[in-house]
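Have a look at the structure below, then the notes.
The values are calculated or read from the model by the stated rules, or taken from the named source; none is laboratory data. Because the structure is a prediction, the values reported are computed rather than measured. Cβ atoms come from the backbone with ideal geometry, glycine included; neighbour counts cover every protein chain shown. Please note that ligands, DNA and RNA were not included when accessible areas were found on the heavy atoms of the full protein model with its side chains. Shrake-Rupley method; radii C 1.70, N 1.55, O 1.52, S 1.80 Å.
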Amino acid sequence: MDSADIFMQFISAINNHDVQSLTALMTTDHVFVDSVGNRAHSATSMEAGWRSYFAMCPDYWIRTDYVMMEDGVVLAVGEAGGTIDGVSWRTPAAWKAVVRDGKVMEWRVFADNKPVYEILARRQQ
């Protein structure tokens with residue numbers, strides 16, 4: 001399988017909220033980087049991270065419109081969305097995956113998280 005196939009399997013696992021498949025697709029030294037630069041290291045920590053995110057946003061989804069690949073790096077643009085606390089949101093997004101030996105070594109998200117932050121801010125009021 002090429003890097004684009006691995007990337008699409010990762011997207012499918014996200015859209016299916018299949019944490020077991022996500023974890024299996026990550027290298028042990030996996031790095032997740034969110035849109036503000038926060039980093040999480042290791043497949044084990046991201047297994048817990050994905051479970052937590054899917055609990056917060058039980059219908060989270062990703063749609064890719066364009067995917068490009070070169071030398072094990074996959075870039076995609078599209079949209080992400082879901083529902084948090086009963087409030088739907090969606091935002092333009094992009095993703096970068098670095099694939100090594102058939103697994104995702106790095107998953108980086110680029111998105112305007114303002115809609116999510118606004119929903120979460122209501123929790124503090």
**Study point:** Mean Cβ neighbour count within 10 Å, used as a protection proxy, ranking 92-99, 115-122 highest first
**Key:** 92-99, 115-122
Exercise for review: Averaging sequence separations of C-alpha pairs under 8 Å and six or more residues apart, then dividing by the length of the chain, give the relative contact order as a whole percent.
Suggested key: 26 percent
Practice item. Any chance you could list the semi-axes, whole Å, largest first, of the equivalent ellipsoid that the Cα gyration tensor gives for the chain, using √(5λ)? Key: 24, 16, 13
Study note, to complete from the structure: Ordering 23-32, 56-65 by per-residue average of other C-beta atoms within 10 angstrom, highest first, gives 23-32, 56-65
Study note, to complete from the structure: antiparallel share of DSSP beta bridges within the chain, to nearest 5, in %, is 90 percent
Practice item. Leaving out ligands and nucleic acids, note down the accessible area per residue over the chain with a 1.4 angstrom probe, in whole Å². Key: 55 Å²
